[in-house]
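Since the structure comes first, as structure tokens, the remarks are kept for the end.
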Amino acid sequence: MRFSRALKEKRPLYAQRHDKMILLHDNARPHVAKPVKTYLETLKWEVLT
């Protein structure tokens, strides 16, 4: 969760307006995208496709 913490430190207004992380995950190869997407779902991160 270092990324989430770093984002909150660098963009405090973002943390105030959003209660969860939104990640744009594009141009990923299919064999990589599925496991990553599953992992991000366990973190409750929204993935824009």
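Do we have any residue at all in region 10-20 that's at pLDDT 80 or above and either surrounded by 11 or more Cβ atoms within 10 Å (Cβ to Cβ) or under 12 Å from the mean Cα position of the chain (by Cα) (or both)?
Yes: one or more hits.
In region 25-40, what residues are closer than 19 Å to residue 2 by Cβ and at pLDDT 70 or above?
36, 39, 40 - these are the residues of region 25-40 that are closer than 19 Å to residue 2 by Cβ and at pLDDT 70 or above.
The values are calculated or read from the model by the stated rules, or taken from the named source; none is laboratory data. Values in this document were obtained by computation on a predicted structure and should not be read as measured data. Glycine gets a Cβ as well: all are built from the backbone with ideal geometry, and neighbour counts include every protein chain shown.
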